[in-house]
Structure formats: C-alpha cells, structure tokens
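This report concerns only the one structure given below.
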Amino acid sequence: MAANSYDVVVIGAGPGGYVAAIRASQLGMKVAIVEREHMGGICLNWGCIPTKAMLRSSEVFHLMHRAGEFGLSATGIDYDLDAVVKRSRAVAKQLNAGVGHLMKKNKVKVVMGEATLPAKGEVSVKTGKGTEELTARNVILATGARAREMPGLEADGKRVWTYKAALMPPHMPKKLLVIGSGAIGIEFASFYNTLGAETTVVEVMDRILPVEDAEISAFARKAFEKQGMKILQKAVVKQLDRAKDKVTAHIEAGGRAEKHVFDTVISAVGIVGNTEGMGLEALGVKIDRTHVVTDAYCRTGCEGLYAIGDIAGAPWLAHKASHEGVMVAELIAGKNAAHPVKPESIAGCTYCHPQVASVGYSEARAKELGYDVKIGRFPFIGNGKAIALGEAEGMVKTVFDAKTGELLGAHMIGAEVTELIQGYVVGRQLETTEEDLMHTVFPHPTLSEMMHESVLDAYDRVIHI
C-alpha cells in the first residue's frame, strides 16, 4: 500500500473519530485521522470533560457551605474563578495529550489540518505546511457539531457567550440569563448559580430538561427554584440589546413581552452539524437540517463513506459517537457481530445539582407507543445511604411493560445518579425483566438499593416506603 494510501481515513478526532481509528487499527487496518483543531474534539477540550471539572469545583464549594450539617466548621469560604478555570483547562490538556499518546500506541497516522473530499476515496488535507493528499478505501466522517446561533442572539464572547466563553469566562456573572434548558444550559446555570450568580433560565418548551420524563423535569424545576434560580417555561428571548456592561433581553412569555437586564447571557439553544465545505453534496451525501442522513449502520449511501456521532444526528452524546465508531470499524473489517447502536439504549446524563440521568422511554413515550405500563418510584429520603450523605433530595422512577415485565425506561434525579444509571443500561442490554431485577441482591447501604425498591414499587412490593 502506498505511503499516503489507507484502509480507513477518519475525519475528526473527537470521541467518535479517535475511538473509530483505534478500533480499526486493532482490527489490522492501516489508519489515518485528520483533526483541524484539538485531539479529543469538543467533548474532551470544550465540552463533557472541562464542564465536569468546573461543576466539581462548584459542588465542593456548595458542600463547604454545608460544613455545619456534618459537624465541621469552615470559615471565610470563597472561590477564585481563574483558579477554577485553570484546573478545568489542565484536566482537558491532560486528556488531550492522552489521545495523542493513544494514536501513537495504535500506529494511527495523525494529520493536523482541514479535510475536504474531492472525490470518492480521496481526502485532501490543508495543513500548516501545504496540502496533503490521502487515498482511502473507507472514510469515516466524525466532524461533530457546534453551537447553534439564533438570529439576534449571536455570541460576542464579551456579554453573550456560548459554551467556549462560559468555560473561560472573561468575568464572573452577577446577573445571568441562560437561554435553553437542555443539558448544556442547565449545567452552566447550575455552576454559575452555585457560585452566586443571580440566574434566570428561559426555555421555549413547556418544561425544562424537555427530553427527560415529565416527573423528573418537574422535580428538577422545584430543586433549582429552591436554589434561587428563576425558571421561565414556554418563553422566548426575542431580542438582545447589548451595551458595554449589560444586555437587555426582550423575553416573551404568556403573550406578554418584558425587558429584563442582565450582565451576561449564555446561549445554549442546540447544535449544528459540521457538514459544510467538505464536498459532501457533490458525492451524493444527503444532508437534513445540518446532519448527514445515514442508515442504522452509519452508511451514507455513498459507498465506503460513513458518518458517526453528532454529525449523524441525535442523540448528541459522546458515548453514542464512540460506540458508532467501534461498530463502523467492525463493519468495515467484515465482523458479523457489528450491531447498530439503538438510541433508546443510550443513557443521557446531566451533571447539574441535583444530577439527572435516564435511559429508554419516558412514561409518556411508552404510553404513546401503545404499551400498558407499570410505574415504580422510590424517593431518596427513604434510603439510608442518601440520608447519611446528606443528599436526601431525589427520586428513582422505573417504567415496565405490564405484559412482559420488560424494563422500558428508567429515570433518576439526585446525588450520583449519573453513575447509578448504568445498572439499568446493562439490565436493558441483557433484556432483563422485573423478576430478574427483584431477585438481584443490591448491597447495603448504597444508593443503588433505590433502584431495587423502585422496581419493587412498580409491582406493589416496595419495602421501605
């Protein structure tokens, strides 16, 4: 094989692309990966990882204020925003270097630059030194997505931010408006509210965290309002009037338009796929609302060209991208066991305070699909470990098919639920029934016992409430 000829060329080194490259190399293929900016992509450098580092700082800050509850004393509690950001950037940098190391270890050729696809099986990369031409039997598109910009609400990095400015803030907001209450918006609202910003969240849908089960959304709203957040649902930000040190937002809710003044605005109104400028349309690739149209196996319809992760549509989650990357690598290698990734089997996690996590169908969605359902619930206040941790706020909800006992969905809010959800994810993957879950012995004292009790509750066998 010629020096610049590869079995697989991956475009984009985020959690989808770099994982696809590693798996393809493990399967004996010659692999190159093209990245225009950062190894690890948005997730590692500007998304999942640095936000979690910042949220951990705000969580510790929150706990320091509660020291008295635990028989401890802490005085002069304060924070240094620059130091919080510095730690977050250091965490991202460490992992960025780790991805580079993994590429070397797996003999994946890294080409830093911007890729185009001039013809089928050809990848042209504009690098700092000129243009590098690669040929590939297979190309995997993993170019990800960026923040959606709404007309009139565009970010300027000074007073109106997207996630990048929110991760490296030019100032600490005193009065903050967050537009959008999905995972990104709510996580930033939670972080800045905990550090003392007077925070308002505006959501166009009829509830915050609109992809979650309605009961979880309602619980979250109460928890956030108790923490001092102002939540406006079924509301739209029509316009932002910018001044040197303030932004006046025109907010329409309930048929009335009002002006509210903030010193900072974070826009988190969705994402747009990075599909432009690569020559995809000329190759016959279909693009629908900025996302590449694929089949269940991430095939684009153009032979040898695949699309994975955010560019291929919802759910826009790093772990979905990684699994699609592995699946496509195995498909290319001719593995018969390559299974499509099912969206309803992918857990969603939001790292606000309290945390939110879910997998499968909500109660409403299960009923829409025609299931006769059994619902179980268990509150954190009934769990010994939760009370001992001082985290008695939360609930676990399970949705079962009344006919078969299949676990259709699980929904949680409370401490560490982003770790707990995996128990139900594994259960769904193994096609677990209510009987299997009831017969499973959960260790005591743990938060996981609530998962057991929620199942028992669905079948009128709950013990501790």
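Tabulated values for the structure
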read-out: Those residues of region 203-247 whose amide nitrogen sits under 13 Å from the label point placed on E69, 7 Å along Cα→Cβ; value: 227
read-out: Rounded to 5, the percent of DSSP beta bridges in the chain classed as antiparallel; value: 60 percent
read-out: Solvent-accessible area per residue, Å², over region 403-465 with all protein chains present [probe radius 1.4 Å]; value: 51 Å²
read-out: Total charge dipole magnitude, region 160-234, about the Cα centre, Cβ charges on Lys, Arg, Asp, Glu only, Debye to nearest 20; value: 320 debye
read-out: Positive minus negative residues near K234 (Lys, Arg vs Asp, Glu; Cβ under 11 Å); value: -2
read-out: Surface share of carbon and sulfur [accessible, 1.4 angstrom probe, percent] for the chain; value: 53 percent
read-out: Built amide H within the under 5 Å cut-off of I231, gap 5+; value: V201
read-out: Translational diffusion of region 172-312, µm² s⁻¹ [Kirkwood Rh, Cα pairs; Stokes-Einstein; 4 °C; 1.567 mPa s]; value: 75 µm²/s
read-out: Estimated inter-spin distance, F442 and M172, nm [label 7 Å along Cα→Cβ]; value: 3.9 nm
read-out: Which listed pairs, of K238/K397; K226/K374; K86/K174; K158/K238, have C-alpha distances above 25 Å, in listed order; value: K238/K397; K226/K374
read-out: Long-range HN-HN contacts of V10 with modeled amide H, under 5 Å; value: A32, I33, V34, I140
read-out: Solvent-accessible area per residue for region 8-63 (1.4 angstrom probe, square angstrom); value: 30 Å²
read-out: Sequence ranges 197-209, 340-352, ranked by mean other-Cβ count within 10 angstrom, highest first; value: 197-209, 340-352
read-out: For region 381-465, projected area of the alpha-carbon convex hull averaged over all directions, nm²; value: 5.0 nm²
read-out: Cα-derived Rg over Rh, computed across region 318-465 with Rh taken as Kirkwood radius; value: 1.01
read-out: Calculated from backbone phi, Karplus (6.51, -1.76, 1.60) coupling profile of region 303-315 in Hz, x at Gly/Pro; value: 3, x, 10, 10, 9, 10, x, 4, 5, 9, x, 5, x
read-out: Coil-residue GluC sites (Glu not before Pro) of region 402-465, DSSP, other Cβ within 10 Å capped at 16; value: E431
read-out: Student exercise, the chain dipole from Lys, Arg, Asp, Glu Cβ charges, in Debye to nearest 20; value: 1340 debye
read-out: Karplus-derived 3J(HN,Hα), 6.51/-1.76/1.60, for each residue of region 246-261, Hz, glycine and proline x; value: 7, 10, 9, 9, 8, 10, 9, 8, x, x, 10, 9, 10, 9, 10, 9
read-out: Relative compactness, the chain, computed as alpha-carbon Rg over 2.2 N^0.38 Å; value: 1.04
read-out: Separation of alpha-carbon centers, region 407-459 and region 259-299, rounded to whole Å; value: 35 Å
read-out: Distance cut-off 26 Å, percentage of C-alpha pairs in region 1-148 lying past it; value: 40 percent
read-out: Part-to-part distance (alpha-carbon centres) for region 39-84 and region 360-389, which is given in Å; value: 29 Å
read-out: Per residue accessible area in Å² of region 84-173, where ligands, DNA and RNA are left out and the probe is 1.4 Å; value: 55 Å²
read-out: Descending Cα extents along the principal axes, region 2-63, whole Å; value: 58, 23, 12
read-out: Cα-based shape type of region 321-403, given that a ≥ b ≥ c are square roots of the gyration tensor eigenvalues and the cut on a/c is 1.5; value: oblate
read-out: Principal axis box of region 74-172, alpha-carbon based, largest edge first, Å; value: 62, 42, 24
read-out: Extension gain, R89 back to Q239 (0.36 nm per residue minus Cα-Cα distance, nm); value: 50.8 nm
read-out: Hz values of 3J(HN,Hα) by residue in region 326-342 - Karplus curve (6.51, -1.76, 1.60), Gly and Pro given as x; value: 5, 4, 5, 4, 6, 5, 4, 6, x, 6, 6, 8, 6, 9, x, 7, 8
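The values are calculated or read from the model by the stated rules, or taken from the named source; none is laboratory data. The shown structure was predicted, so the numbers you read here are calculated from the model rather than taken from an experiment. Note that each Cβ is placed from the backbone with ideal geometry, even for glycine, and that neighbours are counted across all protein chains shown. Note: accessible area is taken over every heavy atom of the protein model, side chains too, but ligands, DNA and RNA are not part of it. Shrake-Rupley method; radii C 1.70, N 1.55, O 1.52, S 1.80 Å.
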